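Data block below; observations after.
Computed from the coordinates by the stated procedures, all read-outs in this text should not be read as laboratory data. Just so it is clear, the model here is predicted, and its values are computed rather than measured. Here the Cβ positions follow ideal geometry from the backbone for every residue, glycine too, while neighbour counts run over all protein chains shown.
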Amino acid sequence: MANEVGNIDNLLNKKISIEIEGKNVEEAIKKALKTLKLPRNKVKIEVLSEEEKGLFGMPGAKPAKVRVSIK
């Protein structure tokens, strides 16, 4: 029984994070929050890369990428 409690504590102490891409940073954040089913104030957000426009300003050349971790 004590071992089971220790395992549960280890799981709860582990940081869970996901990396998500979107056409812009805000869209990537929204996707991550929806995936984790958490509000913004319960997560830590790191912007890994901003979106890059394509030739002649066309969107979608390179998506934005964020890492969202549970606090």
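Figures for the structure shown
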item: Cα shape, region 16-70, gyration tensor, a/c 1.5 rule; result: prolate
item: Inter-site label distance for Glu21 and Leu38 at 7 Å from Cα along Cβ, in nm; result: 2.3
